[in-house]
Amino acid sequence: MRYQPVPDYHMHTPRCHHATGKVCEYAQAAVDAGLKEIGMSDHSPMPPEFADDWRMREDELPAYLHEVEQVRARFDGKLCVRIGLEVDFRCGSEAYISKLLSVYDWDYVIGSVHYIRDWNFDNPEKMNRWDKHGIEQVYCDYFDLVAQSAGTGMFDIIGHPDLIKKFGHRPPADSRRVHKAEEHMLQAVKKADTALEISSAGLRKPVKEIYPQPRIIARAAELGIPFAFGSDAHAPASVGHGMDACLDLLTRYGVRHIARFAGRQRHMMPIQGMAET
Ligand SMILES: [Zn+2]
Ligand SMILES: [Zn+2]
């Protein structure tokens with residue numbers, strides 16, 4: 001590690017049907033990796049009209065909270081364990097989500113876009129839909145939805161802010177439409193005073209790149225938008241994965257602090273090299 005560890009706020013549990021490991025195993029993996037703070041953020045329940053098979057059901061929420069609370073108590077003094085959720089942003093789900101967010105004292109909430117209309121674009125089985133829409137249009141639709149998600153003011157962190165590149169589809173580098181959509185998204189994030197996630201998950205996906213890409217980081221840094229780190233671990237072995245690479249990228253663009261959350265309040269902590277005290 002070249003940097004002192006920062007909190008990893010993005011990890012899942014088997015309740016979402018595509019993750020493995022108990023919460024205590026994620027916590028132990030974090031301690032073993034030298035982390036001082038983590039947060040669980042499993043895929044939240046959604047209203048019935050947006051049901052799919054890769055998230056916890058509403059009736060599983062109490063058990064999720066109970067498990068994380070128990071691990072938080074067990075690791076007290078060794079590791080700070082925060083309790084969050086990764087919520088999907090889908091137009092029409094706002095009332096349900098806002099109610100969900102009011103039923104518990106969350107430490108933070110990640111808002112993520114995984115769908116463009118009814119298309120779950122990050123699902124490898126739905127790749128054929130790329131052929132039906134132009135890449136530029138898909139990117140613009142995606143960033144518009146991220147902007148809308150920030151505009152709801154319901155989220156503390158925007159998850160993996162350019163997930164749309166996951167499988168390596170790229171618009172032309174000089175696409176003015178895409179640049180405009182990115183800028184619109186960043187202005188919405190700034191206005192809502194929301195943090196962007198810097199996520200190492202892309203390093204483990206076909207795109208082999210951190211989310212978001214350097215151009216977005218540079219512009220966000222210019223606008224003073226804060227960042228929070230997430231590995232998006234779906235297995236304990238991924239906890240903290242790619243942290244150094246993410247912190248390297250942030251510091252390259254002049255970002256000197258990273259976000260911590262407690263009770264939905266954001267605090268900024270300095271990013272420090274290992275040699276620094
Ligand atoms: Zn997931
Ligand atoms: Zn996600």
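DSSP finds beta bridges in the chain, and of those with both partners inside it, around 30 percent are antiparallel. Could you please state, rounded to a whole Å, how far the C-alpha centre of the range 220-251 is from the C-alpha centre of the range 68-90? Going from one Cα centre to the other spans 18 Å. Report summary: the helix-based calculation at 222 nm, which adds -39500 (n - 2.57) for every DSSP H run with n ≥ 4 and divides by the residues of the chain, gives -10000 deg cm²/dmol.
Rank ASP144, ASP88, ASP53 by mean-square fluctuation in a GNM of the chain with C-alpha springs under 10 angstrom and give only the top-ranked residue. Maximum among the listed residues: ASP53. Take LEU249: with every protein chain present and a 1.4 Å probe, its accessible area is about 20 Å².
Across all directions, the average projected area of the convex hull around the alpha carbons of the chain is 13.5 nm². The charge dipole of the range 210-277, taken about its Cα centre with unit charges on the Cβ of Lys, Arg, Asp and Glu (plus for the first two, minus for the last two), comes to roughly 280 debye.
Ordering VAL189, PHE75, SER98 by the projection of their Cα atoms onto the charge dipole of the chain, which places +1 on the Cβ of Lys and Arg and -1 on the Cβ of Asp and Glu, puts VAL189 at the extreme positive end. Per-residue accessible area (protein heavy atoms, 1.4 Å probe) orders ARG264, ARG90, ARG74 as ARG74, ARG264, ARG90, starting from the largest. Of the residues PHE167, PHE50, PHE155, the one that moves most in a GNM of the chain with alpha-carbon contacts below 10 Å is PHE50.
Solvent-accessible area per residue for the range 51-125 at a 1.4 Å probe radius, Å²?
For the range 51-125, the per-residue accessible area is 47 Å².
Taking amide H as placed 1.01 Å from N in the peptide plane, ALA228 has its amide H under 5 Å from the amide H of LEU196, GLU197, ILE198, ALA259, each at least 5 places away in sequence or on another chain. Here the Karplus relation 6.51 cos²θ - 1.76 cosθ + 1.60, evaluated at θ = phi - 60°, turns the backbone of the range 145-152 into coupling constants of 5, 5, 4, 4, 4, 5, x, 5 Hz, with x for every Gly and Pro. Where the centroid of each part is defined by its Cα atoms, how far is the range 163-196 from the range 3-24 in Å? Cα centroid of the range 163-196 versus Cα centroid of the range 3-24: 26 Å apart.
In a simple Cβ point-charge model (Lys, Arg +1; Asp, Glu -1; nothing else charged), the range 1-116 has a dipole of about 380 debye relative to its Cα centre. For the range 156-203, the percent of C-alpha pairs falling in each 5 Å distance bin, counted from 0 to the bin holding the largest distance, reads 5, 19, 23, 25, 20, 8, 0. Amide H to amide H, with H built 1.01 Å from N, CYS80 comes under 5 Å of GLU37, ILE38, counting only residues 5 or more places away or on other chains.
Rounded if a/c is under 1.5, else prolate if a/b is larger than b/c, else oblate: which is the range 1-80, with a ≥ b ≥ c the root eigenvalues of its Cα gyration tensor? Because a/c hits 1.5 or more and a/b exceeds b/c, the range 1-80 counts as prolate. Accessible area of GLU69 (1.4 Å probe, protein heavy atoms only, ligands and nucleic acids ignored): about 70 Å². Here the Gaussian network model covers the chain, with springs between Cα atoms less than 10 Å apart; of SER112, SER238, SER41, SER238 fluctuates the most. Under the convention that each Lys and Arg Cβ holds +1 and each Asp and Glu Cβ holds -1, the size of the dipole of the chain around its Cα centre is about 640 debye.
Element breakdown for the chain at a 1.4 angstrom probe: carbon and sulfur atoms account for 51% of the accessible area. Within the full protein context, the accessible area of LEU203 is estimated at about 60 Å² for a probe radius of 1.4 Å. Per residue, the range 149-245 exposes 37 Å² of solvent-accessible protein surface, assessed with a 1.4 angstrom probe and all protein chains in place.
Sequentially through the range 51-63, phi angles give Karplus couplings (6.51, -1.76, 1.60; θ = phi - 60°) of 5, 8, 9, 10, 8, 6, 7, 4, 6, 8, 4, x, 5 Hz, Gly and Pro residues having no value and appearing as x.
The values are calculated or read from the model by the stated rules, or taken from the named source; none is laboratory data. Please read these numbers as outputs of a predicted model, since none were measured by experiment. Cβ sites come from the backbone with ideal geometry, for glycine too, and all protein chains shown count toward neighbours. What goes into the accessible areas is simple: the full protein's heavy atoms, side chains included, and nothing from ligands, DNA or RNA. Shrake-Rupley method; radii C 1.70, N 1.55, O 1.52, S 1.80 Å.
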